[in-house]
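Engineer: Let me give you the structure first, and then I'll get to my questions.
Every read-out reported here was derived from the displayed coordinates using simple, explicitly stated rules and does not represent laboratory data. What you are looking at is a predicted structure, and each value in this text was computed from that prediction instead of being measured. Don't worry about glycine lacking a Cβ; one is built from the backbone with ideal geometry, like all the others, and counts go over all protein chains shown.
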Amino acid sequence: MRDLIITRILFIAVMSGVAFFLRPFDLNGPLAAGVGVVAGVAIVLFEIRLKQISLKRLIGAAFGSVLGILGAYLISLVLGRAMPDSYNTVPFLQVVVLGCMTYCGLVVGATKGEMLNLTALGGLFGGEKASKNSFKILDTSVIIDGRIADIVETGFVDGTIVIPQFVLRELQLVADSSDSMKRNRGRRGLDILQRIQKMPQLDIQILEDDFPNVRDVDMKLIELAKVYDCKIVTIDFNLNKVDQLQGVEVLNINELANALKPVVLPGETMRVFILKEGKEYNQGVAYLDDGTMVVVDNARKMISKTIDIAVTSVLQTTAGKMIFGRFDERTHAVHEKERPDRPTREHAPAAGTGS
């Protein structure tokens, strides 16, 4: 990235030097150098924007521009023969037609370029679809959640991380909210983005693409994923369902977390810290390290204690996993005797809190 910045600065400096010595439009040296700087900056901005465009759009835009120029040339010939005596009007009309046809060809070609099937050509163009499929768009919820940064650090996420400009705007609005809770969540999301951008193994791209006719940010994400044929990373349950209906691939962090939770089978024994009273009679509630709720029968009197329980059943829901168990004083006493380094009464709550 640093080498690219240096190259761009050198390019702008060269453009300024060339303009200074050639002096276009009969300008004096400093003014001509300023024109060179402006031209260099414009070219660099165009290059930055060009990098974000897919190969299909580039080919479509180039083909459309060529057709537009060819059409403008033919129309100019007709205008020149139709009005041979109009020395001022004809050149003006020819310039207008050239600009109009070239612009329309460029825009229409870029838009329709997404319909091209470059994979059928193979060779150089065969990798276009694969490279786009490696794009992963982050939505606002997964950025604020923060776990995506930890997952990226482990190396399980590869390819290019795409952050749309409209997601950044939404994050900024949340960070500037008058509600302190929303403001903290927005600032946390911005901190997570800074953390991700500092990871050298990642390719981060900020996309300027927007869909003015679509107001909802979630629908904009879906449209963007369709354009670039890539995946959306989210924790939003509703967005996950809508994406599936729209045929867009989704990577749900919550589903990943549920898949990584330890497998517990009925009949196994586990050690938990009873945190609070359950909803039913004589129940206690505990939580595992990953947040899984454990409902324990006969454990109401063991609140604030670490005990051994026998798992009776496991319930898997869309919201996560719930484990049901039963506390037996005799089983607990046997395990306590078999544990020579069992914690004292004072240390039991501290050990359980980490469970």
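Engineer: Calculate the spin-label point distance for Q246 paired with S180, positioning each point 7 Å from the Cα along the beta-carbon direction, and give it in nanometres.
Structural biologist: 3.6
Engineer: What number, in percent, do you get for the relative contact order of segment 226-294 if the mean sequence gap of Cα pairs under 8 Å and at least 6 apart is divided by its residue count? Before the final figure, lay out each step's value.
Structural biologist: Numbers: 58 pairs, mean separation 13.2, N = 69.
The normalised contact order for segment 226-294 reaches 19 percent.
Engineer: How high is the relative contact order of segment 2-116? Use alpha-carbon pairs under 8 Å, at least six apart in sequence, and give a whole percent.
Structural biologist: Details: 124 pairs, mean separation 32.8, N = 115.
Contact order relative to length: 28 percent.
Engineer: Pulled fully out, how much extra length does the chain show between F92 and R195, if you take 0.36 nm times their separation in residues and subtract their Cα-Cα distance?
Structural biologist: 31.7 nm is the gain from fully extending F92 to R195.
Engineer: Quick check: pseudo-label points 7 Å beyond the Cα along Cα→Cβ at L173 and L256, how many nm apart are they?
Structural biologist: It is 2.7 nm.
Engineer: I would also like to ask the following. Determine which residues of segment 39-72 fall in the zone a paramagnetic label at F11 would reach in this model, i.e. backbone nitrogen under 13 Å from the point 7 Å along Cα→Cβ.
Structural biologist: In segment 39-72, the label zone of F11 (backbone N under 13 Å from the point 7 Å along Cα→Cβ) covers 39-52.
Engineer: Hey, got a sec? Which chymotrypsin sites (Phe, Trp or Tyr not before Pro) in segment 126-218 land in a DSSP loop and have at most 10 other Cβ atoms within 10 Å? Show your work: numbers first, answer last.
Structural biologist: On the way: sites: F135, F156, F166; in loops: F156.
Hits after loop and neighbour filter: F156.
Engineer: List the trypsin sites (Lys or Arg not before Pro) within segment 157-215 that fall in a DSSP loop (any state other than H, G, I, E or B) and whose Cβ has at most 11 other Cβ atoms within 10 Å.
Structural biologist: On the way: sites: R169, K182, R183, R185, R187, R188, R195, K198, R215; in loops: K198, R215.
Answer in residue order: K198, R215.
Engineer: In the neighborhood of L202, defined by Cβ-to-Cβ distances under 15 Å, what is the net charge if each Lys or Arg adds +1 and each Asp or Glu adds -1? Numbers along the way, then the final one.
Structural biologist: Numbers: positive: K136, R195, K198; negative: D150, E153, D158, D203.
Here the charged neighbours net out to -1.
Engineer: Okay, next question. Could you grab the relative contact order for segment 134-259? Cα pairs under 8 Å, six or more apart, rounded to a whole percent.
Structural biologist: Details: 181 pairs, mean separation 39.3, N = 126.
Relative CO of segment 134-259 lands at 31 percent.
Engineer: If you average the C-alpha positions of segment 31-84 and of segment 209-236 separately, how far apart do those two centres end up, in angstrom?
Structural biologist: What the calculation gives is 29 Å, centre to centre.
Engineer: Counting other C-beta atoms within 10 Å, and keeping those with at most 14, which DSSP coil GluC sites (Glu not before Pro) do you find in segment 234-329? Numbers along the way, then the final one.
Structural biologist: Values: sites: E249, E255, E268, E277, E280, E329; in loops: E249, E268, E280.
Answer by residue number: E249, E268, E280.
Engineer: How do 68-81, 289-302 rank on mean C-beta neighbours within 10 Å, highest first? Spell out each step's value before the answer.
Structural biologist: Numbers: 68-81: 14.7, 289-302: 17.7.
Listed from highest to lowest mean packing, they are 289-302, 68-81.
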